[in-house]
Amino acid sequence: MRRGFTLLELIIVIIILAILASLAVPRFLVQTERARAAEALQHLSVIRGALDRYWVSNNRTYVGAVLTNADGCGAGYNLDIDCPNDNAVYPRRQFQYAIGGLAAGTYTITAVRLSTRGDSTTMVAADNITADQGGTITGAGVYTGVNQ
């Protein structure tokens, strides 16, 4: 009576594990990207709320609202939320947020996807999310390198 496993049995087990891993890893990557995009949508919602509060407290205008400046979110930042572009607050952030088109009753918030490493030097323009004062949201925010 022999004990242990044969080499063939071990190879078959390794092949089965490799097949299972090849099925699981892509699904994991897709879900990770969807979670990052959902986080960006949540940040856009928080920024929209801060802009609405700014509008009410500043004579019904968005003009003058500052989300970012040359310092990221230093001097001049005047919204009542934690700065979403601050690496100290969000060290693993995946998006850079900006406000544009400020007028009395309009604005546009853009979440620009950073590189997959999360650094601030490589922007991926195709993966942006944009929201306006009417609640219209465009863009998926999911890294285009991941198959859905």
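Just a few scattered comments:
- Rg(Cα)/(2.2 N^0.38 Å) for the stretch 1-67, N = residue count: 2.48
- Magnitude of the charge dipole, the stretch 10-73, Cβ model with Lys/Arg +1 and Asp/Glu -1, debye to 20: 180 debye
- Solvent-accessible surface of the stretch 1-72, averaged per residue with a 1.4 angstrom probe and all protein chains in place: 73 square angstrom.
- Using the average count of surrounding beta-carbon atoms within 10 Å as a protection proxy, the listed peptides 8-19, 48-59 rank, highest first, as 48-59, 8-19.
The values are calculated or read from the model by the stated rules, or taken from the named source; none is laboratory data. Just so it is clear, the structure is predicted and the values come from calculations on it, not from any experiment. Ideal geometry is used to build each Cβ from the backbone, glycine not excepted, and the neighbour counts take in all protein chains shown. These area figures cover heavy atoms from the full protein model, side chains too; ligands, DNA and RNA do not enter into them. Shrake-Rupley method; radii C 1.70, N 1.55, O 1.52, S 1.80 Å.
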